[in-house]
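Notes for the one structure printed next.
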Amino acid sequence: KITNHMPTAELQAIDAAHHMHPFTANDELAKHGARVITRADGVTLTDSEGEQILDAMAGLWCVNIGYGRDELAEVAARQMKELPYYNTFFMSTHVPAIALAQKLAELAPGDLNHVFFASGGSEANDTNIRLVRRYWDLMGKPDKKVIISRKNAYHGTSMGSASLGGMQGMHAQGGMPIPDIVHIGQPYWYLEGGDMSPEEFGLMRARELEQKIDELGEGRVAAFIAEPIQGAGGVIIPPDSYWPEVRRICAERDILFIADEVITGFGRTGEWFGSQHYDLSPDIMTVAKGLSSGYAPIGGSLVSDKVAAVIGREEFTHGYTYSGHPVAAAVALENLRILEEERIVDHVRDEAAPYLAEKWHQLADHPFVGETTIVGMMASLALTADKSVRKPFKASPGTVGYMTRERCFGNNLIMRHVADRMIVAPPLVMTKSDIDTLFERAVKSLDEAYKDVKEAGLLETAD
Ligand code: PLP
């Protein structure tokens, strides 16, 4: 029997023999073996060597309430005993799905009063492709099929959701995007803004949406999908001019707007939803991750009254076996209760995020750091070889970021890299003292990585 108490090397060998890892450099994995995580509590992971690791990524941006909350385990056990599974197809429903749907309608901004459940964000975004195309069919506009998204966006990993995403490395491996999904530029000023001010650049990138609609013809465009802040793209916080201009364009054009809030939802930005932070009014909102704080796999599409009324006219031939899974729904509901009753969103807005921002921006003084950006509890910094210019490294993108991440891991800090940006999105329950630890380890890791990069001759800017 395989247990937490087996020697790490043995666990790693069995893992390597049988377990195919998602988004993992398989060649590196073969050399080093995976780090075996055995327990977690609060904001700290424990590995099979007994190391205590500060998880500044909340798993995959999802463990908003922190690890080790017994209430969720108890709710899951109770629900498994009472009704472990039933579907919500064919005129059936159950209490956890009813209660969670009502709660989401109450929490969501505007008239997003309806939810179509899925097991995660990828499935929910696949649902969104179906929903918007179905909506326009029923509206008598079947030519409105094209969904406009953005380069470097991440919307999931299935064929549909990865096509919505703008990750070239993913498209190249799967014959994507699928037809009728197109991508415009991202509002990433630091490396793409050239001589423009952030505000000019934000407007320019927003207007690419309008240009794309004109180029395709409004009669062909179904929807625009975007994360309020691109997460997996590198925590790309758009210039202030960007969202108001997109809002104007969406209001003037006959298209739907899908806000993908898989990361920005449930307190991450210091509001319940990122749409509230940027004053957006989506027709559809994708949720997952923080919905259950990662304790159970669940996601969904929150749908406005306008869209739901049309979809509701007849059968929508779509659904997942686990849509509204009772155990996952009960766990999500308990997670929302904790977020609400413990005023965790207020904690983010009033305490944790301002303190993290103060510390994070101090990193901008480091010679290795070109810019620091943060909204709520999601932050990133650009590594640089030369602070006086906004340019990438000469080495291929990600080389320096990977070296830096390795130093972070070595210092028991989970901080990720996206190309040569370093990113954090910690559990929302972080205290000031946790943030101090994060900062100390980040500085140490940056110092070490800076030295490594210099010694490897990689501290050089691209021409
Ligand atoms: N959308 C966004 C913005 C995400 O960040 C992710 C996952 O990271 C997804 C969708 C996909 O969610 P899942 O991994 O639950 O399928």
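What residue, of T46, T88, T93, T38, is touching a Lys or Arg at 6+ places or on another chain (Cβ under 6 Å) and of a type outside the set (A, V, I, L, M)?
Unique residue meeting the criteria: T46.
Determine which single condition P142 fails, assuming it passes every other condition in (1) farther than 23 Å from V246 by Cβ; (2) touching a residue at least 40 places away in the same chain (Cβ under 8 Å).
The failed condition is (2).
Which condition number in (1) within 23 Å of A226 (Cα to Cα); (2) out of contact with any Leu (no Cβ under 7 Å at 6 or more places or on another chain) is the one that F316 fails?
(1)
If you go through the stretch 10-43 one residue at a time, how many are hydrophobic (A, V, I, L, M, F, W, C), closer than 20 Å to F409 by Cα and exposed (fewer than 11 other Cβ atoms within 10 Å of the Cβ)?
Summing the residues that are hydrophobic (A, V, I, L, M, F, W, C), closer than 20 Å to F409 by Cα and exposed (fewer than 11 other Cβ atoms within 10 Å of the Cβ) in the stretch 10-43 gives 2.
Residue by residue through the stretch 77-121, note down the ones that are under 21 Å from E271 (Cβ atoms) and either modelled with pLDDT under 95 or basic (K, R) (or both).
K103
Kindly establish whether S396 is closer than 18 Å to I53 by Cβ and modelled with pLDDT of 95 or more.
No; evaluated as a whole, the condition is false for this residue.
Considering the stretch 430-446 alone, what residues qualify as being charged (D, E, K, R) and touching a residue at least 40 places away in the same chain (Cβ under 8 Å)?
Of everything in the stretch 430-446, those that are charged (D, E, K, R) and touching a residue at least 40 places away in the same chain (Cβ under 8 Å) turn out to be K432, D434, D436, R441.
Could you count how many residues in the stretch 269-298 are out of contact with any strand residue (DSSP E or B) (no Cβ under 6 Å at 6 or more places or on another chain) and within 14 Å of the ligand (Cβ to nearest atom)?
12
Kindly state which helices (runs of 4 or more DSSP H) lie completely within the stretch 258-349 and contain at least 1 residues that are small (G, A, S) and crowded, with 24+ Cβ neighbours inside 10 Å.
Once the helices (runs of 4 or more DSSP H) in the stretch 258-349 are filtered for at least 1 residues that are small (G, A, S) and crowded, with 24+ Cβ neighbours inside 10 Å, what remains is 274-277, 326-341.
Among all residue pairs at least 6 apart or on different chains, which show Cβ distances below 7 Å where the first residue, located in the stretch 387-401, is touching a residue at least 60 places away in the same chain (Cβ under 8 Å) and the second is of a type in the set (D, E)?
Taking only residues 6 or more apart or on different chains, the pairs are P392/D420; F393/D420; F393/E460; K394/E460.
Go over the candidates K359, K387 one by one and state the one that is charged (D, E, K, R), at pLDDT 95 or above, surrounded by fewer than 23 Cβ atoms within 10 Å (Cβ to Cβ) and not in a helix (DSSP H, G or I).
Criteria check complete, one pass: K387.
Tell me the helices (runs of 4 or more DSSP H) entirely within the stretch 97-213 that contain at least 1 residues that are hydrophobic (A, V, I, L, M, F, W, C), within 16 Å of the ligand (Cβ to nearest atom) and in contact with a helix residue (DSSP H, G or I) (Cβ under 7 Å, 6 or more places away or on another chain).
In the stretch 97-213, the matching helices (runs of 4 or more DSSP H) lie at 121-138, 159-164, 168-174.
Which ones in the stretch 166-199 are touching a Phe, Trp or Tyr at 6+ places or on another chain (Cβ under 8 Å) and over 23 Å from D240 (Cα atoms)?
If the condition is that a residue be touching a Phe, Trp or Tyr at 6+ places or on another chain (Cβ under 8 Å) and over 23 Å from D240 (Cα atoms), then M167 is the only one that fits.
With respect to Y242, determine if the residue is of a type in the set (S, T, Y) and in contact with a strand residue (DSSP E or B) (Cβ under 7 Å, 6 or more places away or on another chain).
no
Looking only at the stretch 214-261, count how many residues are among the β-branched types (V, I, T), farther than 22 Å from M377 by Cα and within 16 Å of the ligand (Cβ to nearest atom).
The qualifying residues number 2.
If I ask for residues that are over 21 Å from E440 (Cα atoms), surrounded by 19 or more Cβ atoms within 10 Å (Cβ to Cβ) and either touching a Leu at 6+ places or on another chain (Cβ under 6 Å) or among the basic types (K, R) (or both), which ones from the stretch 49-93 would you list?
N64, R69
Among the residues of the stretch 423-433, is there at least one that is in a loop (DSSP other than H, G, I, E, B), among the small types (G, A, S) and on the phi > 0 side of the Ramachandran plot?
No; the residues of the stretch 423-433 include none that is in a loop (DSSP other than H, G, I, E, B), among the small types (G, A, S) and on the phi > 0 side of the Ramachandran plot.
Of all the helices (runs of 4 or more DSSP H) wholly in the stretch 22-83, which have at least 2 residues that are more than 24 Å from A379 (Cβ to Cβ)?
The helices (runs of 4 or more DSSP H) meeting that bar are 26-32, 70-82.
The values are calculated or read from the model by the stated rules, or taken from the named source; none is laboratory data. In this text the structure is predicted, and so the values were computed from the model without any measurement. Reconstructed Cβ throughout: ideal geometry from the backbone, glycine too, with neighbour counts over all protein chains shown.
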